[in-house]
Amino acid sequence: MNVLGRQYSGAMRPLLAMSTRYFTPTTEHVALRENLIKLIDTELNPHCEEWEREKRFPAHKVFKILGDAGYLGISKPEEYGGMGLDISYEAMGAEAYAHLNSAGAGMGIGVQCDVATPALMNYGSEDLKERFLRPTISGDYVACLGVSEVGSGSDVASIKTTAKRDGNDWVINGGKMWTTNGAQADWMCMLANTSQGPVHKNKSLICVPMDTPGVKVHRTIDKMGMHASDTAEITLEDVRVPHDFLIGEEGKGFIYQMKQFQNERIYMAAGIVGALDRCMEATIEYCAQRKAFGQSILDNQYVHYRLAELQTEVGFVSVFSFPPLCLSFSLPFLLTPRLII
């Protein structure tokens, strides 16, 4: 049986449902996703339970495995070590990462690929890209994003961290909260107020090496879930970084960050599609194996109805996930019905 491109054993009963996607993966998309899943199953999944218990995955080790295989720069330019593919392939990678048995590790990978690096790729100088982007794509550096603060979460314009010009340096004071990868990161893509102007025009993005004097991991945060992902509170006290570590133009950091959030949302949406696909796989397999009243519960007609409803909902998620991706990045897309047979 084939469900959204996945093959299932003949023991599974056909599910008569209709799934719709506006984006139709090519054989190259599918190959990238399946090869990444194989790498995840071989190199990462055997360790996920241990990472969850320890409440940290070894980011440098994991990222180096993925970087050596090219999967940390799927849509990044080839001149910096990436694959040079379009964002639709990045979405396939996000779907594949849903096969990790640790959502926390997957979240950390997402930050490395599509949360902390898009602005640097799009607006950073050549020197910054060589210094920070290339080793991030290769897996030699771990990246984090410094936007949220105590009292400033979704309201990005209200952040209080400042970066003041002093000669050829920025002097940074403040703190960042809920920083994924923060306890292991080598550098932070940090948003700070660089002037006293209007709140949407007074911010800039700056690359901050995490070993700079004055940068401190104040604490790691104990969470209800996503245990393998280290989430840190970072304090910055009189931190000096070169003025050239500014990403793009001064005062445009808020706009750059809003655009960077778009990459993050697309990555997350594609990852959810992969996670839901995996939930359906596990549910169908369980229903086929679970016996009740002398037969598989998959033999009950109501179970077929319910699974068809759930699969249709997964299709809706795909419908509302992929058109924004295609439209945002000028990619072609088609309405493609898929019968699950």
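Please indicate, with yes or no, whether at least one residue in the stretch 117-125 is farther than 24 Å from residue 88 by Cα and surrounded by fewer than 24 Cβ atoms within 10 Å (Cβ to Cβ).
yes
Is it the case that the stretch 240-248 has a residue that's part of a loop (DSSP other than H, G, I, E, B) and touching a Ser or Thr at 6+ places or on another chain (Cβ under 7 Å)?
No, the stretch 240-248 has no match at all.
Just the residues that are open to solvent by 10 Å² or more (accessible area, probe 1.4 Å) and part of a helix (DSSP H, G or I), please, taken from the stretch 81-106.
Hits for the stretch 81-106 are 87, 89, 97, 103, 106.
Identify all residues within the stretch 260-292 that are outside any helix (DSSP H, G or I) and either touching a Lys or Arg at 6+ places or on another chain (Cβ under 8 Å) or open to solvent by 40 Å² or more (accessible area, probe 1.4 Å) (or both); write none if there are none.
The answer is 290, 291.
When you scan the stretch 163-194, how many residues do you find that are under 28 Å from residue 227 (Cβ atoms) and either in a loop (DSSP other than H, G, I, E, B) or under 25 Å from the mean Cα position of the chain (by Cα) (or both)?
The total comes to 17.
Within the stretch 63-80, work out how many residues are part of a helix (DSSP H, G or I) and free of Cβ contacts under 8 Å to residues at least 60 places away in the same chain.
3
Within the stretch 239-282, can you find the residues that are without any contact (Cβ under 8 Å) to a residue 60 or more places away in the chain and more than 25 Å from the chain's Cα centre (by Cα)?
Passing the criteria: 250, 251.
What number of residues within the stretch 198-226 satisfy the criterion of being part of a strand (DSSP E or B) and either open to solvent by 30 Å² or more (accessible area, probe 1.4 Å) or out of contact with any strand residue (DSSP E or B) (no Cβ under 7 Å at 6 or more places or on another chain) (or both)?
Looking only at that region, the number is 5.
Looking at residue 168 and the list (1) of a type in the set (S, T, N, Q); (2) touching a Cys at 6+ places or on another chain (Cβ under 9 Å); (3) open to solvent by 30 Å² or more (accessible area, probe 1.4 Å), which single condition is not satisfied?
Failing condition for residue 168: (2).
I'd like to check something: does the stretch 142-162 contain any residue that is in contact (Cβ under 8 Å) with a residue 24 or more places away in the chain, part of a loop (DSSP other than H, G, I, E, B), surrounded by fewer than 17 Cβ atoms within 10 Å (Cβ to Cβ) and of a type in the set (S, T, N, Q)?
No, the stretch 142-162 contains no residue that is in contact (Cβ under 8 Å) with a residue 24 or more places away in the chain, part of a loop (DSSP other than H, G, I, E, B), surrounded by fewer than 17 Cβ atoms within 10 Å (Cβ to Cβ) and of a type in the set (S, T, N, Q).
The values are calculated or read from the model by the stated rules, or taken from the named source; none is laboratory data. All values reported here derive from a predicted model rather than from experimental measurement. Ideal geometry is used to build each Cβ from the backbone, glycine not excepted, and the neighbour counts take in all protein chains shown. In case anyone asks, the SASA skips ligands and DNA or RNA and just uses the protein heavy atoms, side chains included. Shrake-Rupley method; radii C 1.70, N 1.55, O 1.52, S 1.80 Å.
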